[in-house]
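*Asks:* Before we start, here is the structure in question, set down as structure tokens.
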Amino acid sequence: MENKLENEYDLIIVGAGPAGIAASVEAAILQMKKVLLLEKGDNHSTTIRKFYKDDKRVDKDYKGERIDLSGNIKFETATKGDVLDLFSECVFGNYIDAFFNTEVESIKKNGEYFEVLTVNNDKYVSKYVVVSIGKMGRPNKPDYPIPPSLNAVVNFNIYKCKENEKVLVVGGGNSAVEYAYLLGKDNDVTINYRKSEFTRPNEKNLETIKEDISSGKVKAKLGVDIKSIADEGGKVLVNFADETSDIFDRVIYALGGVAPIDFLKKCSIDLDESGVPIVRGIHESSVDNLYIAGDILYKSGGSIAKALNAGFDIVKHVKGLIDGRN
């Protein structure tokens with residue numbers, strides 16, 4: 001008999017939009033025993049709640065493309081409130097194991113299992129994961145203005161970084177210390193955190209950043225916030241709250257709220273030139289047993305009907321794999 005790992009699930013679904021809801025509901029109907037739905041918002045269907053006006057009609061078919069539903073959620077064109085009520089009934093009426101206010105930071109494959117790590121350092125494992133996040137994610141920004149002339153060198157990820165730059169990484173979570181560690185190999189890196197000690201990174205990342213600071217590989221400016229930044233001849237003049245200043249070639253903010261494309265890259269998912277995940281077969285990404293569903297698959301947005309069908313198709317396929325039918 002196979003030993004179960006701690007926090008192991010038959011299926012983990014990241015994102016509680018229409019595709020994530022469909023995957024959860026269909027998994028419950030197919031009697032998959034342990035299914036977990038993780039959502040960073042405080043409720044399901046964040047995009048519909050935030051970007052649809054209360055009196056806006058929510059259409060089943062998008063831009064005139066008629067889609068026949070293949071799953072068990074009977075969705076039709078209706079008001080925003082009616083659609084939200086339907087999805088609430090689907091999630092809560094099926095007693096789905098759903099954790100809200102739970103942001104996933106990374107999905108990493110370790111052998112045959114995926115390790116799904118949250119920003120609070122909780123870890124869940126499964127052989128099968130569905131990513132059904134939307135396209136509306138945005139990185140958190142500081143409360144002081146960023147001069148538009150610095151947009152090329154003030155970033156929220158490390159993908160534009162070059163070698164031999166003087167870089168300031170701002171933040172105290174896992175992403176910040178990972179950025180500092182990676183950039184410290186080929187750059188002059190300082191990490192700035194408003195608290196005097198790191199409290200958010202996981203144990204491994206905490207140990208790594210402490211070693212890098214101790215060895216001088218990464219400089220640390222802790223316990224002090226930033227008051228403002230300014231353009232100093234194309235470089236970034238950083239004014240700290242302790243009345244000191246320094247000039248950097250580049251500043252990287254890692255303050256949470258990772259944008260979808262950065263999250264997908266962090267999960268080792270291949271993207272096309274437009275930043276759309278590359279999928280094969282039944283919505284499977286470039287990583288075996290890691291599936292993609294929802295409007296993030298479409299450059300110009302997808303329909304709710306397509307999302308519901310994707311959730312159904314993926315779960316039906318995964319259930320077959322678990323039962324040994326595929």
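The values are calculated or read from the model by the stated rules, or taken from the named source; none is laboratory data. Model, not experiment: these values are computed from the prediction. No Cβ is skipped: glycine too gets one built from the backbone with ideal geometry, and neighbour counts run over all protein chains shown. In case anyone asks, the SASA skips ligands and DNA or RNA and just uses the protein heavy atoms, side chains included. Shrake-Rupley method; radii C 1.70, N 1.55, O 1.52, S 1.80 Å.
*Asks:* Does region 189-244 hold any residues that are in contact with a strand residue (DSSP E or B) (Cβ under 7 Å, 6 or more places away or on another chain), over 16 Å from Y179 (Cβ atoms) and polar (S, T, N, Q), and which are they?
*Replies:* S196, S228, N239
*Asks:* Looking only at region 96-114, how many residues end up being of a type in the set (S, T, Y) and either in a loop (DSSP other than H, G, I, E, B) or open to solvent by 90 Å² or more (accessible area, probe 1.4 Å) (or both)?
*Replies:* 1
*Asks:* Also, I was wondering about something else. Could you list, in sequence order, the residues of region 161-197 that are of a type in the set (A, V, I, L, M, F, W, C), surrounded by 21 or more Cβ atoms within 10 Å (Cβ to Cβ) and more than 12 Å from K221 (Cα to Cα)?
*Replies:* The answer is V167, A176, V177, A180, L183.
*Asks:* Do you know which residues across region 76-95 are buried (at least 16 other Cβ atoms within 10 Å of the Cβ) and either at pLDDT 85 or above or not in a loop (DSSP other than H, G, I, E, B) (or both)?
*Replies:* Listed by number, the residues that qualify are K80, V83, L84, L86, F87, C90, V91.
*Asks:* Looking at I146, I133, can you tell me which residue is at negative phi and touching a helix residue (DSSP H, G or I) at 6+ places or on another chain (Cβ under 7 Å)? Spell out the reasoning first.
*Replies:* Values: I146 fails: touching a helix residue (DSSP H, G or I) at 6+ places or on another chain (Cβ under 7 Å).
Checking each option against the conditions leaves just I133.
*Asks:* Which of the residues that make up region 123-141 are modelled with pLDDT under 95 and either buried (at least 19 other Cβ atoms within 10 Å of the Cβ) or touching a Ser or Thr at 6+ places or on another chain (Cβ under 9 Å) (or both)?
*Replies:* Listed by number, the residues that qualify are S132, I133, G134, K135, M136.
*Asks:* Moving on. A152 is checked against (1) over 15 Å from D262 (Cβ atoms); (2) touching a residue at least 12 places away in the same chain (Cβ under 8 Å) and fails just one. What number does that condition carry?
*Replies:* Here A152 meets the rest and fails (2).
*Asks:* Could I ask something else about it? I'd like to verify a number: residues in region 168-217 that are among the hydroxyl-bearing types (S, T, Y), within 24 Å of V153 (Cα to Cα) and outside any helix (DSSP H, G or I), how many?
*Replies:* Looking only at that region, the number is 2.
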